[in-house]
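These notes are about the structure you will find just below.
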Amino acid sequence: MKGLIQRVSQARVEVDGLTVGEVAQGLVLFLGVEKQDNPAVGLKLLDRVLGYRVFPDAQSHMNLSLLDVGGSLLVVSQFTLAADTRKGRRPSFSAAAPPADAESIYDDFVSAATERCPTASGRFGADMQVHLVNDGPVTFLLEAGS
């Protein structure tokens, strides 16, 4: 499972011109689910995302987590994170989980996140437009294996 996090001052996801998820200060998490992933792997990644220290403290050092600053999380499914781009000019998606499996794991992830912090989400499998203001810019790729 891969999660690309971006620290944001604001973000929203639109589907067919309608906002389906929106946050102010917090993180946008683009979540890629791979074949070997399961809900337990998702919980490990969620712990890392919520505790990852990417927000500035009083000395402007990245020492505070999303939970420390009381921020919100916007989760967006992103199967392209599972792409193998090591060779050629076309990505291979053979490592991506089948859509039905990925959607179930994504839904479990969002439910677990909602229990721990203010959480919004995109719509799995939809053509989404993501609007965000990357604060910093700060972007990290987190990986959690089984």
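Looking at the structure I just gave you, is Asp68 closer than 14 Å to Phe124 by Cβ and part of a helix (DSSP H, G or I)?
Numbers: closer than 14 Å to Phe124 by Cβ: no; part of a helix (DSSP H, G or I): yes.
Against the criterion (closer than 14 Å to Phe124 by Cβ and part of a helix (DSSP H, G or I)), Asp68 does not qualify.
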Enumeration of residues in the stretch 112-141 that are surrounded by 15 or more Cβ atoms within 10 Å (Cβ to Cβ) and within 16 Å of Ser77 (Cβ to Cβ): Ala112, Ala113, Thr119, Ala120, Ser121, Gly122, Arg123, Phe124, Met128, Val130, Leu132
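For (1) among the acidic types (Asp, Glu); (2) free of Cβ contacts under 8 Å to residues at least 12 places away in the same chain; (3) assigned to a helix (DSSP H, G or I), each residue gets a yes or a no:
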position	(1), (2), (3)
Val76	no, no, no
Lys87	no, yes, no
Tyr106	no, no, yes
Phe124	no, no, no
Leu132	no, no, no
Gly136	no, no, no
Leu73 vs. criteria buried (at least 21 other Cβ atoms within 10 Å of the Cβ) and under 15 Å from Pro118 (Cβ atoms): yes
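Just to be sure, is Asp68 surrounded by 13 or more Cβ atoms within 10 Å (Cβ to Cβ), under 14 Å from the mean Cα position of the chain (by Cα) and of a type in the set (D, E, K, R)? Talk me through it step by step, then tell me what you get.
Details: surrounded by 13 or more Cβ atoms within 10 Å (Cβ to Cβ): yes; under 14 Å from the mean Cα position of the chain (by Cα): no; of a type in the set (D, E, K, R): yes.
Criteria not met by Asp68.
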Of the criteria (1) over 28 Å from Gly17 (Cβ atoms); (2) surrounded by 14 or more Cβ atoms within 10 Å (Cβ to Cβ), which one Lys87 fails: (2)
Neighbours by Cβ (under 6 Å, 6+ apart or cross-chain): first from the stretch 48-71, modelled with pLDDT of 95 or more; second of a type in the set (A, V, I, L, M) and part of a loop (DSSP other than H, G, I, E, B): Met62/Val54
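Take the conditions in a strand (DSSP E or B), closer than 19 Å to Asn38 by Cβ and not charged (D, E, K, R) and apply them to Leu142. Does it pass? Break it down into steps so the answer makes sense when it comes.
Values: in a strand (DSSP E or B): yes; closer than 19 Å to Asn38 by Cβ: yes; not charged (D, E, K, R): yes.
The answer is yes for Leu142.
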Count of residues meeting criterion [surrounded by 15 or more Cβ atoms within 10 Å (Cβ to Cβ), part of a loop (DSSP other than H, G, I, E, B) and either under 11 Å from the mean Cα position of the chain (by Cα) or of a type in the set (S, T, N, Q) (or both)] in the stretch 1-54: 4
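The values are calculated or read from the model by the stated rules, or taken from the named source; none is laboratory data. Just so we're clear, the structure is a prediction, and the values are computed from it rather than from any experiment. All Cβ positions, even for glycine, are placed from backbone atoms using ideal geometry, and neighbour counts span all protein chains on display.
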